[in-house]
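Since the structure comes first, as structure tokens, the remarks are kept for the end.
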Amino acid sequence: MATTLIHHATLINEGMRLPGSVLIKDGKIDKILPPETDCQADETIDASGMYLLPGVIDDHVHFRDPGLTHKADMISESRAAAAGGVTSYFDMPNCKPQTTTLEDLDAKKDDAARKSLVNYAFFLGATVENASMLSKLKDRHDIPGVKLFMGSSTGNMLVDEPDSLLQVFKNTPDGMVIMSHCEDTPTINSNAERLKALYGEDPEVIHHPEIRDVECCYKSTALAVKMAQKTGARLHVAHMTTAKELELLEAVPYSSKKKITAEACIAHLYFTDEDYKTLGTRIKCNPSVKSAADRAALREALNNGKIDIIGTDHAPHLLREKQGGCLKAASGMPMVQFSLVAMLELALQGVLTMEQVVKLMCHQPAELFQIQKRGFIREGYQADLVLVKPAVEWTLKQEDILSKCGWSPLEGQTFHHQIEYTFCNGIKVYQQGKVLEGSHGQSLRFR
């Protein structure tokens, strides 16, 4: 494999901002060099004025493949990921067929080996029926964890009865993450009936946070935390949305001893319920986008240790599927291509630092899920890297979007960082506005 020298960059890595150069060889970071060091390579990229970051690890995407490929697939969405500096993703099990057996998981993995431009891994979905076999996952080092839908699920993946939940928590192998979607279904149903009586069969989307409200999230998250504390399992709460839920979490820095962790997603860090007035169902997702006070609490949690990871919950739908109100419009939005530039925008606004963005999107996903040799700029690690050009003002237009669904709730937003290059396993997969085809990501390894 040819060697590549990324020369004269500013490295953002492990809490530091240092000038330097990186030599890539055989798909790995071979050397980290002082900026003035001369080094021979087959290709040299002058990164003067640019930031070099580890590739983003997105722990939460729905690439809709198999079964829902009219709106997304592993080819289209992994291309969008590469364009956004995302070099690894964990895909969720609610596709068709659902990924609730090892046979279906292996079929997805084989498909990704043929299709995915960047690195991949797949959650196994927990069900009442498969809870007893989860202990067999202890020797599967290609699985990031078990996805547990405690609300808002399709098919047979809703698990919300205490006895069934206890089996999932007990049987998931030590050290493997249980990633939970926490919303209380009876509360949702009760709220929906109340709102329908007031506003008709499909209330306007501005009422979405009244149906999927604070109490529906808190009640379910409290139950998940209680189960984790009772069993000693590793719980990772997906897409936190409320200040009240954050009261259940410790404000401590991430370490391997921290058994209950949490994720915040771009939508809930970026938007508030006021944005339903202008963006409508484009920002309808589950759990719902909530108040400005909740958003402020989530942003504070990025800094105080209550939130450990930033993900996207990238969930594409066609715009025709987003028509309607609270109950008819599909929930979810595409986010993977613009997650990094969106968070760097919040860094410019002082919400957090660029070093914290890297910690929450690169370092801590690698540490929390125990991914082998990724998530850091370290010699010997896989060369998953992204070069970012700062101080470039640009406005997101529809033609910039690579996701198959063809839209983004961030259209019209102005950003001030641009992804220039993305490297996955030492191979350029994106360069200055163009996705470079012909290579494939690798299956991630854990624990």
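How long are the semi-axes of the equivalent ellipsoid of the range 89-170, taking √(5λ) for every eigenvalue λ of the Cα gyration tensor, in whole Å from largest down?
One finds semi-axes of 23, 14, 10 Å for the range 89-170.
Would you pull out the residues with amide H under 5 Å of Ile45's amide H, same chain only if 5 or more places away, H placed 1.01 Å from N?
Residues meeting the amide H criterion: Leu5, Ile6, His7.
Any of Lys25/Lys373; Lys28/Lys109; Lys219/Lys257 with alpha carbons more than 18 Å apart? Name them for me. Walk me through the intermediate numbers first.
Working: Lys25/Lys373 15 Å; Lys28/Lys109 23 Å; Lys219/Lys257 25 Å.
Listed pairs above 18 Å: Lys28/Lys109; Lys219/Lys257.
Could you tell me the largest-minus-smallest coordinate of the C-alpha atoms of the range 182-331 on each of the three principal axes, in descending order and whole angstroms?
Its Cα atoms span 48, 28, 26 Å along the three principal axes.
Return the lysines within reach of Lys434: Cα separation strictly under 20 angstrom, same-chain partners fewer than 8 residues apart disregarded; answer none if there are no such residues.
Lys115, Lys389, Lys397, Lys404
First obtain the Kirkwood hydrodynamic radius of the range 171-247 from its Cα pairs, then insert it into the Stokes-Einstein equation at 25 °C and 0.890 mPa s, and state the resulting D in µm² per second as a whole number.
In µm²/s, the coefficient is 178.
So which GluC sites (Glu not before Pro) in the range 340-447 pass both tests, a DSSP loop state and at most 14 other Cβ atoms within 10 Å of the Cβ?
Here the sparse-neighbourhood loop sites are Glu379, Glu437.
Percentage of Cα-Cα pair distances in the range 146-194 greater than 13 Å, rounded to whole percent?
Across the range 146-194, Cα pairs with separations above 13 Å total 60 percent.
Specify the angular offset, from 0 to 90 degrees and rounded to the nearest 10, of the alpha carbon long axis of helix 185-199 from the longest principal axis of the alpha carbons in the chain.
Rounded to the nearest ten degrees, it is 70.
Projected area of the range 1-40, taken from the Cα convex hull and averaged over every viewing direction, in nm²? Write down the numbers at each step before the final one.
Numbers: hull surface 11.1 nm².
Averaged projected area of the range 1-40's Cα convex hull equals 2.8 nm².
If you add up the charges near His416, with Lys and Arg at +1 and Asp and Glu at -1, over every other residue whose beta carbon is less than 9 angstrom from its beta carbon, what do you get?
-2
Summarise the accessible area of the chain (1.4 Å probe, protein heavy atoms) by the percent that is carbon and sulfur.
48 percent
Summing -39500 (n - 2.57) over the DSSP H runs of n ≥ 4 in the chain and dividing by its residue number, what mean residue ellipticity at 222 nm do you reach, to the nearest 500 deg cm²/dmol?
It lands at -7500 deg cm²/dmol.
If the chain between Gln432 and Ala296 were fully stretched, how many nm would it gain, using 0.36 nm times the residue separation less the Cα-Cα distance?
45.5 nm
Looking at the chain from every direction and averaging, what is the projected area of its Cα convex hull in nm²?
On the way: hull surface 77.0 nm².
In nm², the orientation-averaged hull projection of the chain is 19.2.
Compute the orientation-averaged projected area for the range 356-421 from the convex hull of its Cα atoms and round it to one decimal in nm².
Across all orientations, the range 356-421 yields a mean hull projection of 6.1 nm².
Using the per-residue mean of other Cβ atoms lying within 10 Å as a proxy for protection, in what order, highest first, do the peptides 160-173, 101-114 fall?
Highest-to-lowest ranking by the protection proxy: 160-173, 101-114.
Would you tally the net charge around Asn13, using a Cβ to Cβ cut-off of less than 11 Å, leaving Asn13 out, and scoring K and R as +1, D and E as -1?
Summing Lys and Arg as +1 and Asp and Glu as -1 gives +1.
Could you order the peptides 225-232, 251-258 from most to least packed, using the average number of other C-beta atoms within 10 Å per residue?
Final packing ranking: 225-232, 251-258.
Please compute the alpha carbon radius of gyration of the range 1-124, then divide it by the globular-protein estimate 2.2 N^0.38 Å. Two decimals is fine.
Normalised Rg, Cα atoms only: 1.31.
Over the range 1-111, with the other protein chains present, what is the accessible area per residue in square angstrom, probe 1.4 angstrom? Walk me through the numbers on the way to the answer.
Working: 4100 Å² over 111 residues.
That works out to 37 Å² for each residue.
So if I take the alpha carbon set of the range 307-359, get Rg, then get Rh from the Kirkwood formula, what is the Rg over Rh ratio? The partial results should precede the final answer.
Values: Rg = 14.5 Å, Rh = 12.9 Å.
In the range 307-359, Rg relative to Rh is 1.13.
For the range 301-447, report the % of Cα-Cα distances exceeding 18 Å.
So the portion of pairs separated by more than 18 Å is 66 percent.
The values are calculated or read from the model by the stated rules, or taken from the named source; none is laboratory data. What you are looking at is a predicted structure, and each value in this text was computed from that prediction instead of being measured. Positions of Cβ are backbone-derived with ideal geometry, glycine not excepted, and every protein chain shown enters the neighbour counts. For the accessible areas, the whole protein counts, side chains as well, though only heavy atoms, and no ligand, DNA or RNA atoms are used. Shrake-Rupley method; radii C 1.70, N 1.55, O 1.52, S 1.80 Å.
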